[in-house]
Amino acid sequence: MLNENIKAVRQSKGLSQEELAIKLNVVRQTVSKWERGLSVPDSEMLVSISDVLETPISILLGETITEETPENLKIISEKLEVINLQLARQQAARRNVFHWIFISLSVIIVATFIIMWLAGSPYLNWDFNDPEIAVAGTILHGFEFVFVRVAPFALVGLIIGAVMTHKKKG
């Protein structure tokens, strides 16, 4: 009974045999022998074990240790509930951030299309004999060329992303 109680209390406190041995100034094998019932601690050592494990001697000597599983399960489930709520809030916040990023990028793409349409590719009317204007015209043309071909696909993807990250009420 004593051996089982020492082991159960030690484990419930999260101590290894080595850690308990260090706190009691004995070798790990001594703690192992106590827990296997091969030897018994003397009265002074029993008081020390009681102090280190913060457990009454009466429990170590004879009162069987009953695990309060319903209470432990209730505590664990409450902690898990709190953790789940925190994770749900983080996930909702992350989803909201992505939702607004998708919407913002969609607006930027549409605004860029409108600006390009209103500007009507002004670089086409430039005099490309001036090297600085020629470079600027080439850069603008390259941007427009890539943007017009890539942006529609990006816009569709962003709209789908915004719809999928939209929080449903209810």
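Quick note: the coordinates plus some simple rules give every number you see, no bench work behind them. All of these numbers come straight from a predicted model, not from anything done at the bench. Please note: Cβ atoms are built from the backbone with ideal geometry, for glycine as well, and neighbour counts cover all protein chains shown.
The magnitude of the dipole of the range 69-164, with charges of +1 and -1 set on the Cβ of Lys/Arg and Asp/Glu and taken from the Cα centre, is near 580 debye. Placing +1 on the Cβ of every Lys and Arg and -1 on the Cβ of every Asp and Glu, with no other charges, gives the range 2-61 a dipole of roughly 200 debye about its Cα centre.
The equivalent ellipsoid that matches the C-alpha gyration tensor of the range 2-61 spans semi-axes of 14, 13, 11 angstrom, in descending order. The radius of gyration of the Cα set in the chain, together with its Dmax, comes out at 36.0, 104 angstrom. Helix 69-119 and the long axis of the chain differ in direction by around 10°, with both axes built from C-alpha atoms. For a straight C-alpha distance cut-off of 16 angstrom, the aspartates and glutamates reachable from K79 (same-chain residues fewer than eight places away being disregarded) are E71. Please give the helix 43-53 orientation as an angle from the longest Cα principal axis of the chain, in degrees from 0 to 90, rounded to the nearest 10. Between helix and principal axis, roughly 20 degrees.
Can you give the angle from 0 to 90° between the axis of helix 2-12 and the longest principal axis of the chain, with both taken from C-alpha atoms, to the nearest 10? Tilt of helix 2-12: around 20 degrees.
The loop-placed GluC sites (Glu not before Pro) in the range 7-57, going by DSSP, that have at most 11 neighbouring Cβ atoms within 10 Å of their Cβ come out as E54.
Of all lysines in the structure, those lying under 16 Å Cα to Cα from K13, and not within fewer than 8 positions of it along the same chain, are K23. Magnitude of the charge dipole for the chain, about its Cα centre and with charges confined to Cβ atoms of Lys, Arg (+1) and Asp, Glu (-1), is about 600 debye.
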